[in-house]
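The values are calculated or read from the model by the stated rules, or taken from the named source; none is laboratory data. Remember, predicted model here, so these are calculated numbers, not experimental data. Ideal geometry is used to build each Cβ from the backbone, glycine not excepted, and the neighbour counts take in all protein chains shown. Ligands, DNA and RNA are stripped out before the accessible areas are found, and what is left, the full protein with its side chains, is counted by its heavy atoms. Shrake-Rupley method; radii C 1.70, N 1.55, O 1.52, S 1.80 Å.
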Amino acid sequence: MDDLRDASRSLTEPVAEIVDRAGLTPNMLSVLSLFFSSLAFLFYYLSASDHRMLFAAAIMVMLNGIADAVDGALARRIGYADRRGDFLDHVIDRYSDVLLLSGIIFAGYVMWEIGLLAVVGVLMTSYIGTQAQAVSLRRCYGGMLGRADRLVFLIIATLANALYPHRIEGLQVLGWMVLIVMVLSHITAMQRFVHIWRSLDR
């Protein structure tokens, strides 16, 4: 885990330096990440009639992930990691999660029932992870499918669907992606719940 964190910082720190020189703040980056996820929602929705829009959606998801990762690196760089910024970042992340999945659902890549369960799973994964702090524990990021993993999975599935816009056993690639996210997010939520529950006995 530490090696992964170090690798992530080696990528985000140089970008944070560039952003710092441009005069942007961590909160600006958080808001910018919401802007990118809103555009991704739009491009997913438009892809229902033109699958080439998925290329634009993939770029927006990538930019959302970069902005979300760099805002923390920038906060550390300028020594401006405050509670308001942390709160804003998490609220925006949840809206972004809903926007990204909703764009795929509204475009008809998957049945709305599956999409709804996927959204609930993603929100519960994040909620349980942060709820640990409410019971005086450290925030929990563990489990099978964290947000960064989910964004990488989403980018790959979006590009795959753009290149192969055909059904596989009744669903296109993005439909299968949402179905897998639905399953793995609920498993991740339960993993975090069990970990936190056991930690409360110590």
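Numbers below:
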| quantity | calculated |
| --- | --- |
| Subset tally (residues that are open to solvent by 40 Å² or more (accessible area, probe 1.4 Å), within 18 Å of the chain's Cα centre (by Cα) and acidic (Asp, Glu)) for region 63-90 | 1 |
| Meets criteria (closer than 24 Å to residue 36 by Cα, out of contact with any Gly (no Cβ under 8 Å at 6 or more places or on another chain) and either touching a residue at least 60 places away in the same chain (Cβ under 8 Å) or surrounded by 14 or more Cβ atoms within 10 Å (Cβ to Cβ) (or both)) for residue 107 | yes |
| Test: residue 184 is open to solvent by less than 70 Å² (accessible area, probe 1.4 Å), in a helix (DSSP H, G or I), more than 19 Å from residue 30 (Cα to Cα) and touching a strand residue (DSSP E or B) at 6+ places or on another chain (Cβ under 8 Å) | no |
| Filter pass, residue 130 being open to solvent by 20 Å² or more (accessible area, probe 1.4 Å), assigned to a helix (DSSP H, G or I), among the hydroxyl-bearing types (Ser, Thr, Tyr) and over 22 Å from residue 63 (Cα atoms) | yes |
| Pairs, first within 18 Å of residue 69 (Cβ to Cβ) in region 135-160, second part of a loop (DSSP other than H, G, I, E, B) and open to solvent by less than 50 Å² (accessible area, probe 1.4 Å), C-beta under 9 Å, six or more apart | 153/145 |
